[in-house]
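Notes follow once the structure below has been shown.
The values are calculated or read from the model by the stated rules, or taken from the named source; none is laboratory data. The model shown is predicted, which means the values in this text are computed figures rather than measured ones. So basically every Cβ, Gly included, is an ideal-geometry build from the backbone, and we count neighbours across all protein chains shown.
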Amino acid sequence: MDFLMVGAGLSCAVMGRKLAEAGHRVTVIDSRDHVAGNCHTERDADTGVLVHVYGPHIFHTDDEEVWDYVNHYTTFLPYKNRVKSTTQGQVFSLPVNLHTINQFFGKTMRPDEARAFIEDQADTSIDDPQTFEEQALRFVGPDLYEAFFKGYTEKQWGCSPTELPASILKRLPVRFNYDDNYFFHRFQGMPEDGYTPMVEAILDHRNITVSLSTPYEPSMRADHDHVVWSGPLDGYFDYDLGRLGYRTLDFERFTATGDWQGCAVMNYGDRDVPFTRITEHKHFAPWEEHEGSVLYREYSRACEPGDIPYYPIRMVEEKALLADYIQKAERETGVTFVGRLGTYRYLDMDVTIREALDIADGFLAALGGDGRLPIFAKSPL
């Protein structure tokens, strides 16, 4: 078959490679002038620093097959994500851990003492937390909530934590030891030369043709047997039912000499600081040495037409509209929706790759059977 893959990010690259290796013809297009989507990396011309152009991407997974897959196309070097937070005039370690708790409250507690102390801080009258704020108050109490979660969340999501579901906070750990590694996963690292060369290597196959700076046009469908769409689900239908809600990011770039902040990521929890965090990109490649430094202040806001969508909002109103678009998609033929934008879900890179490998296997099985290819890599709801 002849497949048209819309988008040159991880979803279409991984799927395209597997289909190409099975003998199918694959054309990959992207409206941008580079591959790798939002995990695109490039060297800063002045400093030589490897920059994560659309914000930092840190690879972490427990999926050994996915870890082996990415290491087949590039060399991953060890990297642990250790985030700091400036709040209320001090710097703390995140996620909230025993050091954070002791420093914040001026204590020297052991793990069991800290656990009991935080339980005393928590609002135990909240039996079934429904909102982000209720979950935080039940989980860590008012003081830690105000310092580390409330202001940051208001800036990140543009609304009160009382309007957000409790599930968002359930992903944030609190540790009663001194482990400040942000992730729990067995495999963690960064590609030695960045993500873009890795994706270029995945796409380097005789049955794959890549066309950049090439927006999708509906007329392209006539030249291909099947379309794999990794763009916004609502964008495929020209937003005719309305736009799904996203948050986007604005980046304010600045440079410095030497080490400007001493870490890769510094969060700013205070509400009166307009940006959410500052990232210093040379710290994402600690095996390199650079005298100059490239940094970005990140500002979160509502996504408008023409912006790059980052975080699907997925609140009640968005999910209702999403259900309407799913019904519309299920009436389509000759197209499959994949990835973060195509399924309107927040996906880490390892999950994106896993789903791409699985849906490619599903394609090959279907082509060897009844020939019916799925509409979605995974149900958006």
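What to note about this one:
- Qualifying residues in segment 202-221 (those that are part of a helix (DSSP H, G or I) and surrounded by fewer than 15 Cβ atoms within 10 Å (Cβ to Cβ)) - the one farthest from the chain's Cα centre (by Cα): S219
- For segment 236-287, the set of residues classified as among the hydroxyl-bearing types (S, T, Y) and within 21 Å of the chain's Cα centre (by Cα) consists of Y246, T248, Y268, T276, T279, listed by residue number.
- Hits in segment 44-81 (condition: free of Cβ contacts under 8 Å to residues at least 24 places away in the same chain and either within 19 Å of the chain's Cα centre (by Cα) or within 28 Å of T276 (Cβ to Cβ) (or both)): A45, V53
- Scope segment 207-235; condition basic (K, R) and free of Cβ contacts under 8 Å to residues at least 40 places away in the same chain; matching residues: none
- Of the strands (runs of 3 or more DSSP E) lying entirely inside segment 222-304, those containing at least 3 residues that are closer than 30 Å to E330 by Cα and modelled with pLDDT of 95 or more are 226-229, 246-257.
- With respect to (1) touching a Gly at 6+ places or on another chain (Cβ under 9 Å); (2) assigned to a helix (DSSP H, G or I); (3) surrounded by fewer than 20 Cβ atoms within 10 Å (Cβ to Cβ), the lone exception for W67 is condition (3).
- Qualifying residues in segment 162-201 (those that are among the hydrophobic types (A, V, I, L, M, F, W, C) and in a loop (DSSP other than H, G, I, E, B)) - the one farthest from G37 (Cα to Cα): F176
- Pick from segment 88-109, criterion closer than 19 Å to F139 by Cβ, touching a Lys or Arg at 6+ places or on another chain (Cβ under 8 Å) and not aromatic (F, W, Y), ranking: surrounded by the fewest Cβ atoms within 10 Å (Cβ to Cβ): P95
- Test for S379: is it within 28 Å of Q188 (Cα to Cα), part of a strand (DSSP E or B) and either free of Cβ contacts under 8 Å to residues at least 12 places away in the same chain or not aromatic (F, W, Y) (or both): no
- Checked against (1) more than 26 Å from D180 (Cα to Cα); (2) buried (at least 20 other Cβ atoms within 10 Å of the Cβ); (3) in contact with a Ser or Thr (Cβ under 7 Å, 6 or more places away or on another chain); (4) among the aliphatic types (A, V, I, L, M), V294 passes all but condition (1).
- Filter result for A20 (in contact (Cβ under 8 Å) with a residue 40 or more places away in the chain, of a type in the set (A, V, I, L, M, F, W, C), touching a His at 6+ places or on another chain (Cβ under 9 Å) and assigned to a loop (DSSP other than H, G, I, E, B)): no
- For K282, the stated conditions do not hold, so it cannot be described as out of contact with any strand residue (DSSP E or B) (no Cβ under 9 Å at 6 or more places or on another chain) and either surrounded by 13 or more Cβ atoms within 10 Å (Cβ to Cβ) or not assigned by TED's automatic domain parsing to the domain that holds T131 (or both).
- Matching option when the condition is in contact (Cβ under 8 Å) with a residue 12 or more places away in the chain and either farther than 30 Å from T100 by Cα or among the hydrophobic types (A, V, I, L, M, F, W, C) (or both), among A285, A320: A285
- Checking each residue in segment 148-164 for being buried (at least 18 other Cβ atoms within 10 Å of the Cβ) and free of Cβ contacts under 8 Å to residues at least 40 places away in the same chain picks out T153, P161.
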